[in-house]
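Everything below concerns the one structure shown next.
The values are calculated or read from the model by the stated rules, or taken from the named source; none is laboratory data. Keep in mind that this is a model prediction, so the values were computed, not measured. Here the Cβ positions follow ideal geometry from the backbone for every residue, glycine too, while neighbour counts run over all protein chains shown.
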Amino acid sequence: MVSTAKNAGGAGIRYAVSPAEDLPIAGDSADIITVAQAVHWFDRPAFFREALRVLSASGVLFLIENNRDWKRSAFLAAYEDLLEELSPNYSRHYRGFDGAGEAKQAGFRHVTTKLYPWVRKISPKGFAQMAQSSTRYQAALKANPEATEAALNALLSASGDADGQITVEYETKIIAAAL
């Protein structure tokens, strides 16, 4: 991804690969830090301290999550059941922490959260391909490949609208935190 971004250009943009908790950036030098689909993997207290160190006085930290909305969707609730049953140590609540509260506790003073619900229509085959890209689905396959594939196929066979499409409901959460 870094190689692609560098090739796309962009004056004044510096790319670095490092742990989020130990950024190779001078203090007070970053105007924007963006984390998408990853903050749940971090040591968040250490990351927030590091973000505070590197952000400029007018800098902003953005935390972005695209979450399957299993509370509004019977299909997604069943998919989460499948993952919880077959993927070792998985819980649908893995992003259930209060990112905005943690940012405030770390020292960010201006923190806002916006939620954007949206829907994606996808074929059963497309959903299966998307599932294949998931770390947790891959863990389920590794632990029990036959049961995982059978469970997903059964779920997909029982789902779909009149056009054969599956409605996948999402909620994008964006937390913006500034000094």
When you scan the stretch 59-86, how many residues do you find that are of a type in the set (A, V, I, L, M) and touching a helix residue (DSSP H, G or I) at 6+ places or on another chain (Cβ under 7 Å)? 6
Considering only residues of the stretch 36-55 that are outside any helix (DSSP H, G or I) and of a type in the set (A, V, I, L, M, F, W, C), which is surrounded by the most Cβ atoms within 10 Å (Cβ to Cβ)? 55
Within the stretch 140-175, restricting to residues that are charged (D, E, K, R) and part of a helix (DSSP H, G or I), the one that is surrounded by the most Cβ atoms within 10 Å (Cβ to Cβ) is 149
Residue check, residue 76 assigned to a strand (DSSP E or B), at pLDDT 95 or above and under 30 Å from residue 119 (Cβ atoms): no
Among the residues of the stretch 4-33, how many are part of a loop (DSSP other than H, G, I, E, B), under 15 Å from residue 59 (Cβ atoms) and at pLDDT 90 or above? 6
Hey, among the residues in the stretch 56-79 that are more than 15 Å from the chain's Cα centre (by Cα) and without any contact (Cβ under 8 Å) to a residue 60 or more places away in the chain, which one's surrounded by the most Cβ atoms within 10 Å (Cβ to Cβ)? 77
